[in-house]
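Notes follow the structure.
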Amino acid sequence: MEFTKRQREIIEIVKNEQPISGNKIAQHLNLTRPTLRNDLSILTMTGMLDAKPKVGYFYSGQHANPLTFETLYEVPVATVMLTPVLIKPTTTLQDAVTTLFMYDIGSLYVADDEQQLLGVISRKDLLRATLNTQDLTQIFASMIMTRMPNITTITAEDRILDAGYLLMSHQVDSLPVLAERSKKVVGKVTKTKIMQYFVEVGMKIEHEKYD
């Protein structure tokens with residue numbers, strides 16, 4: 001994998017001033033911290049940098065094999081996406097709770113008849129609503145869901161690396177996968193599924209290395 005000019009500059013800054021925080025790296029480049037998130041994520045995932053909470057970034061120099069990087073991070077989300085569980089905005093809170101536990105999932109996607117995403121309901125949303133409601137048949141999904149466009153989504157063509165970064169930065173357990181240039185829900189990607197993929201591919205690479 002070829003690093004960008006900015007990524008090479010970040011490596012040199014960390015080499016010279018390690019440990020160094022993301023904010024100080026941004027100051028060196030006259031950029032904002034959010035602007036560097038993707039670059040820092042790539043550099044740590046490829047092994048060039050190491051990061052320790054409340055300490056900062058270190059140079060490790062362990063550049064991952066390009067094939068390994070491409071296999072692990074640059075494959076499309078379609079490779080790991082799962083079938084979403086959809087409910088309608090008129091679904092009652094009682095039925096939503098039943099559906100959540102029946103499928104043993106962390107969130108429900110609220111969609112219209114054309115599978116256009118309208119909102120998301122998490123376990124926390126349902127727990128909060130049930131604690132404040134006595135009659136679960138009188139509260140509907142549309143009343144407690146997080147609505148579009150306040151939902152982080154991704155497409156099937158995006159990279160697994162991008163999905164992992166969004167899951168981490170937004171601190172959510174899953175992302176709705178939408179059709180390209182559309183709000184139609186075609187799948188979902190979860191932290192658990194991405195971790196499973198990384199482990200399975202990593203074990204395969206390790207096996208082939210010593211086979």
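The values are calculated or read from the model by the stated rules, or taken from the named source; none is laboratory data. Given the structure is predicted, the values throughout are model-derived calculations rather than measurements. Note: ideal-geometry Cβ built from the backbone for every residue, glycine included; neighbour counts use all protein chains shown.
Please indicate, with yes or no, whether at least one residue in the range 189-201 is of a type outside the set (Val, Ile, Thr) and not in a helix (DSSP H, G or I). Within the range 189-201, not a single residue is of a type outside the set (Val, Ile, Thr) and not in a helix (DSSP H, G or I).
Okay, residues lined up against (1) surrounded by 15 or more Cβ atoms within 10 Å (Cβ to Cβ); (2) in contact with a helix residue (DSSP H, G or I) (Cβ under 9 Å, 6 or more places away or on another chain); (3) on the phi < 0 side of the Ramachandran plot:
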| position | (1), (2), (3) |
| --- | --- |
| THR4 | no, yes, yes |
| ASN23 | no, no, yes |
| GLN27 | no, no, yes |
| LEU36 | yes, yes, yes |
| PRO84 | yes, no, yes |
| ILE87 | yes, yes, yes |
| THR98 | no, no, yes |
| PHE101 | no, no, yes |
| TYR109 | yes, no, yes |
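Pairs meeting the criteria (first residue in the range 105-126 and closer than 12 Å to LEU93 by Cα, second residue aliphatic (A, V, I, L, M) and surrounded by fewer than 16 Cβ atoms within 10 Å (Cβ to Cβ), beta carbons under 9 Å, at least 6 apart or on different chains) are LEU108/VAL85. On the stretch given as the range 157-180, residues that are assigned to a loop (DSSP other than H, G, I, E, B) and at negative phi total 6.
Within the range 127-137, does at least one residue satisfy the condition of being surrounded by 15 or more Cβ atoms within 10 Å (Cβ to Cβ), at pLDDT 95 or above and either in contact with a His (Cβ under 8 Å, 6 or more places away or on another chain) or over 23 Å from ARG37 (Cα atoms) (or both)? No, that holds for no residue. Looking only at the range 146-155, decide whether some residue is in a loop (DSSP other than H, G, I, E, B), touching a Ser or Thr at 6+ places or on another chain (Cβ under 8 Å) and among the aliphatic types (A, V, I, L, M). Taking every residue of the range 146-155 in turn, none turns out to be in a loop (DSSP other than H, G, I, E, B), touching a Ser or Thr at 6+ places or on another chain (Cβ under 8 Å) and among the aliphatic types (A, V, I, L, M). Annotation note: of VAL185, VAL177, VAL189, VAL201, the sole residue that is aliphatic (A, V, I, L, M), within 14 Å of the chain's Cα centre (by Cα) and either modelled with pLDDT under 90 or closer than 20 Å to ARG147 by Cβ (or both) is VAL177.
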